[in-house]
Amino acid sequence: MKLDRAYKNVSVSTGTLDVNELAYNCFGFLRLLHLDRAKADRIQSAEQRLAATNKLNDDIARTTRKKLLFNCFFEVLEDISPEGCFFGIHPGDPGNLGFWDKSLKFNPD
């Protein structure tokens, strides 16, 4: 499943690079989508782990949320990015996470 081109240049999270806020913003966005069964199951499992972080001390909770961000939410969001887009931080605005045209992606080559 790929998102429609209408999602090109759409932000998932703005104004923060805080792991806790990013995790909840990405999760909230993903919950609104009609994902295929495998991705929906993966997000549901992540939801349970995300909810469980509320019972952990701050350092462990932050580490767990960071792992969920990179190993689940970001992977799914990149996988469903609209054709010709990537999911990530906007090159001109580091506090803006969303779907951007691949021509904006930083390429060190």
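Every read-out reported here was derived from the displayed coordinates using simple, explicitly stated rules and does not represent laboratory data. Nothing here was measured: the structure is a model prediction, and the numbers come from that model. Counting neighbours? That spans all protein chains shown, and the Cβs are built from the backbone with ideal geometry, glycine included.
For the reader, a short list of remarks on this structure follows.
- Label sites at residue 24 and residue 89, each approximated as a point 7 angstrom past Cα along Cα to Cβ, lie 2.2 nm apart.
- Rounded tilt (10° steps) of 19-31 against the dominant C-alpha axis of the chain: 70
- Sequence-distant aspartates and glutamates (8 or more away, or on other chains) whose Cα lies within less than 14 Å of residue 39: 47, 75, 78, 79
- Estimated at 0.36 nm per residue, the fully extended path between residue 1 and residue 55 surpasses their Cα-Cα distance by 16.1 nm.
- Scalar couplings 3J(HN,Hα) for the range 34-46, obtained by applying the Karplus form with A = 6.51, B = -1.76, C = 1.60 to θ = phi - 60°, are 9, 8, 5, 4, 5, 5, 4, 5, 5, 5, 4, 5, 5 Hz; x denotes Gly and Pro.
- For residue 12, distant residues with modelled amide H under 5 Å away: 97, 98, 99
- A simple packing score, the average count of other Cβ atoms within 10 Å per residue, orders the peptides 59-66, 30-37 as 59-66, 30-37, with the highest score first.
- Dipole check for the chain: with +1 at the C-beta of Lys and Arg, -1 at the C-beta of Asp and Glu, and the Cα centre as origin, the magnitude is about 260 Debye.
- Using alpha-carbon coordinates, inclination of helix 58-68 to the longest axis of the chain, degrees: 40
- With a simple spin-label model that places each label point 7 Å from the Cα along the Cα-to-Cβ direction, the separation between residue 9 and residue 71 comes to 3.7 nm.
- Rounded if a/c under 1.5, otherwise prolate or oblate - the chain, Cα gyration tensor axes: oblate
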